[in-house]
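J.: Let me give you the structure first, and then I'll get to my questions.
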Amino acid sequence: MPFVDNILSHRSVSIVGLEKNTGKTETLNYVLNRLKTMDASIALTSIGVDGEQTDVVTRTSKPEIVIPKGVIFVTSEVHYLQKRLTAEILDVSEKRTALGRLVTARAITEGKAILSGPAETAEIRKLIAEMERYGVQTTIVDGALSRLSLASPAVTDAMILATGAALSANIPKLVRKTEFVKQLIELPNVDDELAQKLQPLTQGIWAIDENGNVHDLEIPSVFLLDKREKDIFRFGTRLFVSGAVSDKLFSFLRMQNRNVELIVNDFSKIFVSQREFNSFLKGGNSIYSLLRSKLIAVTVNPLSPNGILLDSDTLREEMKKALRVEVYDVKKLAVGD
């Protein structure tokens, strides 16, 4: 059973699409359909809203989410009332969202529902922890568009990445774009001792000296680097940025003509172009992360929204060769190919 067995070895798994119409919901439905044949307790929610019949932006039809019997799901009051299945309410949260309180329920019959769970990653972490009281083995979190922060190892333990022709209808370009995301996901880790020192640091830019001591550079934001240029390397060239990093930081560090070791919290903090990232590495610099996510599988949708259909077998083979992970067309899997 392709990649689904691996899901159950993790407490939480996110499914993230790199673009609209890359097959994220198809992937979710495939996973749920397979898991219902296995002896496992599953919970399901979404960050954002998913499962509508029509895309609110493109006005195109989209697959609905089919929730199997026995699965626990979390959605807003508004969408719970619109469900097309019988369910038992387990809990109603006190905290309100834009769509009402969050309802936790167990599906008594299989049916369709719109998922609209917590909008913030901190709330997702809390929800995953709460699922333990219901005996849940694995919580699956359906991601909103380009919310790679959901797949941060600080939020979910593992992830499935959905990509496809909607991101690019040119196979080599699509493979390069997806390969870059995988490269970020699999950044090498710093050693455990240093990671323990850096994880509590949630703001600013820090330096690590040759003895492994951590120093606050008192630069609250990367946007102030230009004004503090002379201070940044006074403890050495190993730097930890606790927040988001962008092209501006990579370009600044690259122009210093030093062999910089940049440490980030995890891949979801990196907002940088592939060109700038590669230039940074080619300049003799390196990048590490405190946390690393587990990429379970990559799924592809060869059909683009404008009707261009890529050859599924060619796409999967080229993607698998470049990414060195299993790549699946879940629509073909669903019909037994």
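Every read-out reported here was derived from the displayed coordinates using simple, explicitly stated rules and does not represent laboratory data. Keep in mind it's a predicted model, so treat the numbers as computed, not measured. FYI the Cβ positions are ideal-geometry reconstructions off the backbone, even for glycines, and counts take in every protein chain you see.
J.: Below 8 Å, C-alpha to C-alpha, sequence gap of six or more: please give me the relative contact order for segment 192-289 in percent.
T.: Normalised by residue count, the contact order of segment 192-289 is 24 percent.
J.: Continuing with the same structure: What percent does the relative contact order of the chain come to when contacts are Cα pairs within less than 8 Å and at least six residues apart?
T.: Across the chain, relative contact order equals 20 percent.
J.: Mind checking the full-extension length gain between Lys332 and Arg176? Use 0.36 nm per residue of separation minus the Cα-Cα distance, one decimal, nm. The partial results should precede the final answer.
T.: Values: separation 156, 0.36 × 156 = 56.16 nm, distance 2.33 nm.
Extra length available between Lys332 and Arg176 comes to 53.8 nm.
J.: Skipping prolines and chain starts, which residues have an amide H placed within reach, meaning under 5 Å, of the one on Leu44, given they are 5 or more residues away or on another chain?
T.: Residues meeting the amide H criterion: Ile72, Phe73, Val74, Ile140.
J.: Take every DSSP beta bridge with both residues inside the chain and express the antiparallel ones as a percent of the total, to the nearest 5.
T.: 40
J.: Another one. Identify the GluC sites (Glu not before Pro) of segment 185-222 meeting these criteria: DSSP loop state and at most 12 other C-beta atoms within 10 Å of the C-beta.
T.: Counting only loop positions with at most 12 other Cβ atoms within 10 Å, the GluC sites (Glu not before Pro) in segment 185-222 are Glu210, Glu218.
J.: Further question on the same structure: Taking trypsin sites (Lys or Arg not before Pro) as candidate sites, keep only those in a DSSP loop with at most 11 other Cβ atoms within 10 Å, then name the longest stretch of the chain containing none of them.
T.: Between exposed loop sites, the widest span is 60-233.
J.: What FRET efficiency, computed as 1/(1 + (r/R0)^6) with R0 = 41 Å and r the Cβ-Cβ distance, is obtained for Ser9 and Ile308, rounded to the nearest 0.05?
T.: Rounded to the nearest 0.05, the efficiency is 0.65.
J.: So, one more: Does segment 192-289 come out rounded, prolate or oblate by the C-alpha gyration tensor, with a ≥ b ≥ c the root eigenvalues, rounded set by a/c under 1.5 and, if not, prolate when a/b is larger than b/c and oblate if not?
T.: Taking the square roots of the gyration eigenvalues as a ≥ b ≥ c, segment 192-289 is rounded.
J.: Over the Cα atoms of the chain, what Rg and Dmax result, in angstrom?
T.: Both quantities, over Cα of the chain: 21.4, 65 Å.
J.: A further question follows. Roughly what would the spin-label model give for Thr37 and Asn257, points 7 Å off Cα along C-beta, in nm?
T.: Taking the simple label geometry, Thr37 and Asn257 are separated by 6.3 nm.
J.: Extending each Cα 7 Å along its Cβ direction at Lys20 and Ala129, get the distance between those two points in nm, one decimal.
T.: Going from the Lys20 label point to the Ala129 one covers 3.5 nm.
J.: With a cut-off of 8 Å between alpha carbons and a minimum separation of six or more residues, what is the relative contact order of segment 151-251 in percent?
T.: For segment 151-251, the relative contact order is 21 percent.
J.: Roughly speaking, what is the centre-to-centre gap between segment 98-119 and segment 291-337 when only Cα atoms are used, to the nearest Å?
T.: If you average the Cα positions of each part, the centres end up 29 Å apart.
J.: Taking every DSSP beta bridge with both residues inside segment 192-289, roughly what % is antiparallel (nearest 5)? Spell out each step's value before the answer.
T.: Numbers: 7 of 17 bridges.
So the antiparallel bridges amount to about 40 percent of the total.
J.: So if R0 is 35 Å, what FRET efficiency would Lys282 and Asn213 give, r being the distance between their Cβ atoms, rounded to the nearest 0.05?
T.: Once the sixth-power term is evaluated, E becomes 0.70.
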